[in-house]
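Below is one structure, written out as structure tokens; comments come after it.
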Amino acid sequence: MSRLLLNCDMGESFGSWTMGLDAQVMPFVDCANIACGFHAGDPGIMRHTVGLAVASKVRIGAHPAYQDLVGFGRRSMACSAEEIRDLLHYQIGALDGICRTQGTRVTYVKPHGALYNDMMADPQKLRAVLQAVAEYDRQLPLMLMATADNSAAQTLGDEYGVPLWFEAFADRAYDAAGRLVSRRLPGAVHHDPATIVDQALRLARGEPLVAVDGSELRLQAQTLCVHGDNDSSVAAVQQIRQALDAQVAS
């Protein structure tokens, strides 16, 4: 059974507006994807979230996005490859600077929202993201979505010398190609805790999932995305953590 790293989007509050239960979920995850100010977060929120991660010995990842604070980074933007590289360097550098003041560093990059979706759909955007990471620090892994076939993305990662961490989701349904089912469709999101924990364990064991068309789907992933949006999601993360730890111990 592989050691799946649990990653969670954090630091997405802004000023006096609070989003997410970062302090509650931090002790149960391995990686904190911290917003860098373009879709959420601000310098004070970034500093505070880095401090939470340091206290819990959690790896810190930059969570850069399109410059879309109003749309929470969920709206695609027509950016050139150069603009994508610039916005990644700006955001990674800002978070890394805050990390350095607290004796730590950014250790990976996970794009957010529409930027994440765009790089998965468009090889040229993925190239721009990989080039940006390689130019900043070639040792930083890039986190991206695991699908039924990771080979094309892996080939690009190898071309730029950037390590890749493929991520999967325990609370989402998949199609036969290993893509997430649209949230607009019924059954796209799992809500039953037992179903979520079972899917997490299947991913950790390398066992097949059942796609929405009934076919078997195998995903090779190094990390599992979890959420800390509310009390129920935090409880689900705790259950996943306990189940994964128990499997590794056995």
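The values are calculated or read from the model by the stated rules, or taken from the named source; none is laboratory data. Fair warning: this is a prediction, and the values are worked out from it, not measured in the lab. Cβ sites come from the backbone with ideal geometry, for glycine too, and all protein chains shown count toward neighbours. SASA here: full protein model, heavy atoms, side chains in, ligands and nucleic acids out. Shrake-Rupley method; radii C 1.70, N 1.55, O 1.52, S 1.80 Å.
Out of everything in segment 150-174 that is at pLDDT 95 or above and of a type in the set (D, E, K, R), what residue ends up being farthest from the chain's Cα centre (by Cα)?
Once the filter is applied, the top-ranked residue is E159.
Can you name the residue in segment 200-250 that is touching a Cys at 6+ places or on another chain (Cβ under 9 Å) and of a type in the set (V, I, T) and is also farthest from D175 (Cα to Cα) among such residues?
By that ranking, first place goes to V237.
From the list R3, R105, pick out the single residue that is under 26 Å from Q222 (Cβ atoms), open to solvent by 70 Å² or more (accessible area, probe 1.4 Å) and at pLDDT below 95.
Exactly one residue qualifies, and that residue is R3.
Select from segment 1-43 the residues that are among the charged types (D, E, K, R) and either touching a strand residue (DSSP E or B) at 6+ places or on another chain (Cβ under 8 Å) or under 22 Å from T101 (Cβ atoms) (or both) and list them in ascending order.
Result: D9, E12, D22, D30, D42.
Got a number for residues in segment 203-224 being of a type outside the set (S, T, Y) and either within 18 Å of the chain's Cα centre (by Cα) or closer than 14 Å to E167 by Cα (or both)?
9
Within segment 10-26, which residues are within 22 Å of P141 (Cα to Cα) and open to solvent by 10 Å² or more (accessible area, probe 1.4 Å)?
Within segment 10-26, just E12 meets the criteria.
May I ask you to list pairs of residues, at least six apart or on different chains, whose Cβ atoms are under 9 Å apart, with the first in segment 3-28 being more than 17 Å from D42 (Cβ to Cβ) and the second being assigned to a strand (DSSP E or B) and open to solvent by 20 Å² or more (accessible area, probe 1.4 Å)?
Going by the 9 Å Cβ cut-off, the qualifying pairs are L5/R59; L5/W165; N7/R59; N7/W165.
Which condition from (1) in contact (Cβ under 8 Å) with a residue 40 or more places away in the chain; (2) surrounded by fewer than 22 Cβ atoms within 10 Å (Cβ to Cβ) is the one that A134 breaks?
(1) is the only condition that A134 fails.
Residues of segment 108-125 being free of Cβ contacts under 8 Å to residues at least 40 places away in the same chain and open to solvent by less than 10 Å² (accessible area, probe 1.4 Å), which ones?
M119
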